[in-house]
Amino acid sequence: MPYITINDASIYYEEYGQAAGTPILLIHGSTIDSHTDWDAVIPALAREYKVFAPDCRGHGGSNNPRMSYSFRELADDAAAFVRAMGYEQAHIIGHSNGGNVALVTAVEHPEVTRTCIPQAANAYVTRYLVEREPKVFDPDRVEREAPEWRDEMIRLHEAVNGAGYWRDLLWLTMKEILSEPNYSPADLARVNVPMLVIQGAEDKVNAPDEHAQYIAAHVPNAELWIPEGTGHNVHQERKEEWVERVLEFLRRRG
């Protein structure tokens, strides 16, 4: 299993495909890992692109030496990872909180971002998130009502980060969700990166506040795809259509 040290963290990653040119960097959502999030679509992407799928720090096979979780830190990791792999730029694709990381990478590290595809992301913290997320990420509630989620986090993360880490990860994630990102329309208007914003029309986290519409409305020339009858995991729920749209966007805008 390949590892690389990025900003003091030992990052586990996999690479797929043999294509030359700008690669794809996949950023998974919080509390899961790269395999859980991306394995269903990687083979199709890797037929046309080199694909890198790292575990974010504190997830899967990657450790968390600072016991931290922030979108800016993970965006810094993403930029450093692209350079460490020997590339100047990558197509940055992120899902859920990984979509937030993809967006932050495009804003804070445009020099490494050839294109950006944030899926199920938010650009600012809304009241709905402040009211919803502390309940969702409460470890006692998870242990009581969603033991299968607890068991998945134990299986994925605790071999590297130690017993009981699942509770720490939930707390760290919830704390960041309530704090960041906070991009204004003016902030997004400065983003000069081709962007495809994706959000399921039935996404219970992001659809109520129209986060995708907000991002696409303010990033210049951003494209928007909101498939009907689809929830938080568009790339898994509509896999073939997702792959087709993403590859078409990359061929045309990348």
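Any read-out appearing in this document is the output of simple, stated calculations on the displayed coordinates, not a laboratory observation. Note that this is a predicted model, so its numbers are computed, not measured. Because the Cβ atoms are built from the backbone with ideal geometry, glycine has one as well, and the counts that use them run over all protein chains shown.
Points to keep in mind about this one:
- Computed E for GLU244/LYS204 - FRET, C-beta separation, R0 25 angstrom, nearest 0.05: 0.50
- Within straight-line reach of LYS50, meaning a Cα separation under 22 Å, sit the following lysines at least 8 residues removed in sequence or on another chain: LYS239.
- By the count of other C-beta atoms within 10 Å, a proxy for reagent exposure, LEU129, LEU169 are ordered fewest to most as LEU129, LEU169.
- Amide H within-cut-off set for SER10, under 5 Å, with H built and near neighbours excluded: ASN63
- Volume per residue for the range 1-151 equals 116 cubic angstrom (convex hull of Cα atoms).
- Close amide H pairs (under 5 Å, H built 1.01 Å from N) link HIS91 with ILE24, LEU25, ARG114, THR115, residues at least 5 positions away or on another chain.
- Shape of the range 170-225, Cα gyration tensor, a/c cut at 1.5: oblate
- Shown in residue order for the range 49-56 are the 3J(HN,Hα) couplings computed by the Karplus curve 6.51 cos²θ - 1.76 cosθ + 1.60 at θ = phi - 60°: 9, 5, 10, 10, 10, x, 7, 4 Hz (x for Gly and Pro).
- A cut-off of 5 Å between modelled amide H atoms, ignoring neighbours fewer than 5 places along the same chain, links VAL197 with GLU223, LEU224, TRP225.
- Neighbours of GLY231, meaning other residues whose beta-carbon lies under 13 angstrom from its beta-carbon, give a summed charge of -2 when Lys and Arg score +1 and Asp and Glu score -1.
- Computed on the range 1-86, with alpha-carbon pairs under 8 angstrom and 6+ residues apart, the relative contact order is 33 percent.
- Radius, Kirkwood style, for the chain when every pair of distinct Cα atoms is counted (Å): 18.0 Å
- For the range 7-24, 3J(HN,Hα) per residue [Karplus equation, 6.51 cos²θ - 1.76 cosθ + 1.60, θ = phi - 60°, Hz, x = Gly/Pro]: 6, 6, 9, 8, 9, 7, 8, 10, 10, 9, x, 10, 5, 7, x, 5, x, 9
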